[in-house]
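Asker: This structure is in structure tokens; I'll ask about it shortly.
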Amino acid sequence: MENKKSIWIWIVVLIIVVASIYFISVKNKEAGSAVEVTVSKVEKGDLVSLFSTSGIVESKSKQEFYIFSPTKVLKVYVSVGDQVKKGDRLLELETQDLSIQYQIAKKQLEMAQIQLEALKNLKQKQTEQSQIPTPSLPQQAPASEQSIPHQTQAQFQQPTSSLSLDDQIKLQEKQVEIAELNLKSIQQNMNKMQKYVTADFDGTVTSLNAKENNYFTSTQFPAITVEDLQNLQVVLDVNPYDAVSLSEGQQAYIHFAGKTFEGKVNKISPTAVKVMSQTGGDSVVKVYVDILNNDGTIKPGFKVDVDIKIGEKKDTIKIPSEAIVSDKNGNEFVYVVENGIAKQRKVKTGLTSDLETEILEGVNVGDKVILNPSAAIKDGVKVMTKGGKE
């Protein structure tokens with residue numbers, strides 16, 4: 001009897017074991033048919049959209065002095081790295097002495113003016129003489145040139161020149177004009193001749209190619225360069241399609257050597273320009289970004305990375321951009337996990353950052369969206385979540 005009871009116990013145990021194995025195998029089979037996915041919860045938060053690029057740093061105030069004809073540099077007052085004030089002498093150049101030519105031209109003008117005045121006075125006297133009535137003289141004493149005193153005769157005598165007095169006056173007026181132009185030309189040359197090169201603003205000498213007591217001329221390199229190293233900007237070459245999203249006053253972030261500096265878009269060129277690249281000529285828009293809090297780390301000529309804030313949203317619905325897919329018609333949608341099933345939802349997107357996208361329509365806060373959905377993910381497919389944000 002005991003043996004029979006023991007046999008039944010073993011039979012029950014065996015049935016339980018077999019049933020357990022069966023249910024486990026069924027469960028594993030069902031689990032194996034589900035696609036494993038990574039999900040992220042839809043949440044609310046702030047979203048900042050940035051335009052990222054790189055550019056070259058330069059001084060906002062830069063003075064470059066070129067010498068285009070051979071000129072002797074008599075004295076160099078500064079060295080590279082020197083701090084200078086506005087008006088400080090930088091170079092002394094050899095200049096031509098035009099003071100004697102100026103004095104000669106001035107005397108020539110005075111002589112021409114005196115001659116013109118003399119001719120006009122003679123014209124005035126002749127006009128007055130012609131208006132005096134001629135007195136009647138006795139027949140026994142006819143008027144003749146010999147009866148007029150020599151001094152008076154000389155006053156009324158016509159000029160011996162073949163030109164009339166009026167033509168002589170016109171000619172002398174031209175002589176005065178020529179003398180005035182000559183004097184003016186010499187004065188302009190004197191003004192153009194620069195004996196001293198001086199600083200236009202407070203700054204630092206960053207290059208010096210001229211040497212004392214040597215002749216210098218160059219159209220490629222300046223004799224001396226002064227820059228304001230405390231007032232820098234980043235020059236960006238921006239694609240015209242990207243430039244339309246930029247505007248003056250936008251906040252910017254300049255990154256260099258592990259540091260981030262504040263910046264602001266100061267100026268955007270009104271036209272595009274052609275620049276040469278490895279692929280040929282490209283059209284770019286010059287954008288100038290001021291560096292607001294440089295601590296001396298950034299210097300002219302450095303290449304830096306720049307982020308410009310082109311948009312910002314507060315407390316908006318957002319999801320990782322990697323959850324969004326689009327079809328050939330440009331429609332955007334995501335897959336939301338509901339009770340282990342992938343559900344396709346069409347969405348309307350808004351502002352986009354590097355990693356996240358604003359969702360205007362299609363999902364709610366708390367929904368779980370599938371990240372980087374593979375081709376195996378279809379509407380209604382069974383999924384199994386793993387490693388998603390909870």
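Asker: Of everything in the stretch 291-306, what is closer than 22 Å to GLU248 by Cβ and not charged (D, E, K, R)? Give them in sequence order.
Answerer: If the condition is that a residue be closer than 22 Å to GLU248 by Cβ and not charged (D, E, K, R), then ILE291, LEU292, ASN293, ASN294, ILE298, VAL304, VAL306 are the ones that fit.
Asker: I'd like to verify a number: residues in the stretch 76-120 that are of a type in the set (Val, Ile, Thr), in contact with a Lys or Arg (Cβ under 9 Å, 6 or more places away or on another chain) and either assigned to a loop (DSSP other than H, G, I, E, B) or over 17 Å from PHE65 (Cβ atoms) (or both), how many?
Answerer: Number of matching residues: 2.
Asker: Also, quick follow-up: Among the numbered criteria (1) assigned to a strand (DSSP E or B); (2) at pLDDT below 95; (3) open to solvent by 50 Å² or more (accessible area, probe 1.4 Å); (4) more than 30 Å from SER40 (Cβ to Cβ), which one does ASN266 miss?
Answerer: Condition (2) is where ASN266 drops out.
Asker: Is it the case that the stretch 356-379 has a residue that's under 15 Å from GLU36 (Cβ atoms) and among the β-branched types (Val, Ile, Thr)?
Answerer: Yes, the stretch 356-379 contains a residue that is under 15 Å from GLU36 (Cβ atoms) and among the β-branched types (Val, Ile, Thr).
Asker: For the stretch 199-256, give me every one of the strands (runs of 3 or more DSSP E) that falls completely inside it and has 3 or more residues that are more than 15 Å from the chain's Cα centre (by Cα) and not β-branched (Val, Ile, Thr).
Answerer: Strands (runs of 3 or more DSSP E) meeting the threshold: 203-208, 214-218, 251-256.
Asker: Quick one: is ASP237 out of contact with any Gly (no Cβ under 8 Å at 6 or more places or on another chain) and not aromatic (Phe, Trp, Tyr)?
Answerer: No; evaluated as a whole, the condition is false for this residue.
Asker: Could you grab me the full set of residues in the stretch 279-303 that are closer than 22 Å to SER59 by Cβ and part of a strand (DSSP E or B)?
Answerer: Restricting attention to the stretch 279-303, the residues satisfying the condition of being closer than 22 Å to SER59 by Cβ are 284-303.
Those that are closer than 22 Å to SER59 by Cβ and part of a strand (DSSP E or B): VAL284, VAL285, LYS286, VAL287, TYR288, VAL289, ASP290, ILE291, LYS303.
Asker: Pairs, please: C-beta under 8 Å, at least 6 apart or cross-chain, first residue farther than 17 Å from THR219 by Cβ and touching a residue at least 60 places away in the same chain (Cβ under 8 Å) and in the stretch 60-73, second open to solvent by 80 Å² or more (accessible area, probe 1.4 Å) and in a strand (DSSP E or B)?
Answerer: Sorted first by the residue in the stretch 60-73, then by its partner, the pairs are LYS72/TYR215.
Asker: Name the one entry in VAL334, VAL306 that is on the phi < 0 side of the Ramachandran plot, assigned by the TED database to the domain that holds LYS368 and not in a helix (DSSP H, G or I).
Answerer: VAL334
Asker: Here is a list of conditions, (1) exposed (fewer than 11 other Cβ atoms within 10 Å of the Cβ); (2) touching a residue at least 40 places away in the same chain (Cβ under 8 Å); (3) under 30 Å from VAL57 (Cβ atoms), and SER353 meets all of them except one; can you say which number that is?
Answerer: Status for SER353: all satisfied but (1).
Asker: Something else now. Among the residues of the stretch 356-387, what is the count of those that are in contact (Cβ under 8 Å) with a residue 60 or more places away in the chain, assigned to a loop (DSSP other than H, G, I, E, B) and open to solvent by 20 Å² or more (accessible area, probe 1.4 Å)?
Answerer: The number of residues fulfilling the criteria is 12.
Each row is one residue, and each column tells you yes or no for (1) under 30 Å from ILE341 (Cα atoms); (2) assigned by the TED database to the domain that holds TYR241; (3) touching a strand residue (DSSP E or B) at 6+ places or on another chain (Cβ under 8 Å).
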residue: VAL42; (1), (2), (3): yes, no, yes
residue: SER69; (1), (2), (3): no, no, yes
residue: LYS85; (1), (2), (3): no, no, no
residue: ILE104; (1), (2), (3): no, no, no
residue: LYS107; (1), (2), (3): no, no, no
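Asker: Right, something else. Right, LYS85: surrounded by fewer than 13 Cβ atoms within 10 Å (Cβ to Cβ) and in contact with an Asp or Glu (Cβ under 9 Å, 6 or more places away or on another chain) or not?
Answerer: For LYS85, the condition - surrounded by fewer than 13 Cβ atoms within 10 Å (Cβ to Cβ) and in contact with an Asp or Glu (Cβ under 9 Å, 6 or more places away or on another chain) - is met.
Asker: Now, a different point. Working only within the stretch 197-216, note down all residues that are open to solvent by 70 Å² or more (accessible area, probe 1.4 Å) and hydroxyl-bearing (Ser, Thr, Tyr).
Answerer: Across the stretch 197-216, the qualifying residue is only TYR215.
The values are calculated or read from the model by the stated rules, or taken from the named source; none is laboratory data. Source: prediction; values computed, not measured. With ideal geometry, Cβ positions are generated from the backbone for all residues, glycine too; neighbour counts draw on all protein chains shown. Accessible surface is based on the protein model in full, side chains and every heavy atom, while ligands, DNA and RNA are left aside. Shrake-Rupley method; radii C 1.70, N 1.55, O 1.52, S 1.80 Å.
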